[in-house]
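Nothing in this text is a laboratory measurement; each read-out follows from the coordinates by a stated rule. What you see is a predicted model, and the numbers here were worked out from it, not measured in a lab. Every residue, glycine among them, receives a Cβ derived from its backbone with ideal geometry; neighbour counts consider all protein chains shown.
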Amino acid sequence: MITILGDRESSRQQRLCDGVSRRDFLRVGGLAMGGLTLPQLLQAEQAAGIGKSHKAIIMIYMVGAPPHQDMYDLKMNAPSEIRGEFSPIKTNVPGIEISEHMPRMAKIMDKCVPLRSVYGSPSGAHDSFICYTGRTTQRQPKGGWPSVGSTLSKIHGAADPAVPPFVGLAPDAGHPPYGSPGHPGFLGVSHAAFRPSGPARNNMQLKSVTLDRLQDRKGLLGQFDQFRKEADATGKMSGIENLSDQALGILTSSKLAEALDLSKEDPKIRERYGKGDPKNFGDGAPRNLEHFLMARRLVEAGARVVTLNFGRWDFHSQNFKGLRDTHLPMFDQGLSALIEDIYSRGLDNDVSVVAWGEFGRTPRINKDAGRDHWPRVGGGLLAGGGMKTGQVIGATDRTGGEIADRPVHFGEVLATLYHQMGLDPNTITIDDLTGRPQYLVDGHQPMRELV
């Protein structure tokens, strides 16, 4: 068993626990190797089959829970009050059909895996937590479960000191979980997502400060930090030294700023992705198609995990109008462009893509032409990562309300993603704040159909 020691006091620095705000702070994942030796890391990466790029994950959180039966699991033999308004179309994989409003995804289904039987949300309450951790918020260890981005920041560290290992592109949202990039939990602030929004983005370059002056300032800051650490008895300073080192790496290189600068991208590729809408959709996230392109640029530059949040799929009323007019066409364009781009650039064996929400929607359409919360079963989609694509996993009954075949827990998907990153989720542990070793997932195995 490989055990990675956690930052036992650093989670106290999260907002609402001690008043230390992380908004627009350079919240970059740790540069340390998380307790693994270099030979162990190289061995794990070799076992995972890393090609010319490093292993990475792009996770699209579909804010508010999308309707699985109107996207990947249409039920044409069900009554009209369940079936809905959309029709299926054929894809480039015989036997797989998806919504007529996802024609671009239909053309690349050989590169994808629709999941039709995802479960694990206990209550149907809106929270992105289960997507980022594979776990529920119940019975958490002190400090809370860390997200996949924070976990990989801790274990693998930065692939490049100039690029944070964990980047969250989501802006804040009216409902806080809708704007979450995934929290660091007991791993602490040094493994939180770097969020390049607001004033932080304008402070990523040295501008008028020379490297010599920056090094002088770093030395002086180090002396102050050492004094504060020695004088501090609360543990709030834990993890701050990592943040200073990480910020210095960003400031002394233009690599991160360039990855975020879409003007450097081929105009034809930018046009393929499109722009979408950068404004938040209600209390949800934006439908920003440039975030899909930015995610690809970030993993190519060195980020290990990039999360982005898309739209607000909580259509308790006018479900079909909302999907048809405001969400599915944009989502179809952005996601298909991302997957095509990953394959065309030779990243398909190393970059895994997952798109999903926190639960499914009711089989029966309500009186307001909407679908309500349905935690019994939902859906999602995987692509890339060297996985065996061009197949569907799982099935529901004729109404789309119950799992009929091959239940897929959120934790299984996370176990698969960890496996594709070269990590055995049931061997490696990280210590929580009490020193107790915790597995990366709760006993779930990588999905045999994919690995």
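Descriptive notes on the structure:
- Computed over neighbours whose Cβ is under 13 Å from that of I339, the net charge equals +1, Lys and Arg +1, Asp and Glu -1.
- Counted charge near E85, where neighbours are those whose Cβ lies closer than 11 Å (Asp, Glu -1; Lys, Arg +1): +1
- Region 50-114: trypsin sites (Lys or Arg not before Pro) falling in loop per DSSP and having at most 11 other Cβ within 10 Å: K52
- Of the trypsin sites (Lys or Arg not before Pro) found in region 335-376, those that fall in a DSSP loop while having at most 11 other beta-carbon atoms within 10 Å are K367.
- A404-K275 pseudo-label distance in nm [points 7 Å out on the Cα-to-Cβ vector]: 4.4
- Neighbour-limited loop hits for chymotrypsin sites (Phe, Trp or Tyr not before Pro), region 124-190 (at most 10 other Cβ within 10 Å; DSSP other than H, G, I, E, B): none
- Based on Cα atoms of region 319-451, Rg over Rh with Rh as the Kirkwood radius reads 1.03.
- Where labels lie 7 Å past Cα in the beta-carbon direction, separation of R139 and N77 in nm: 3.9
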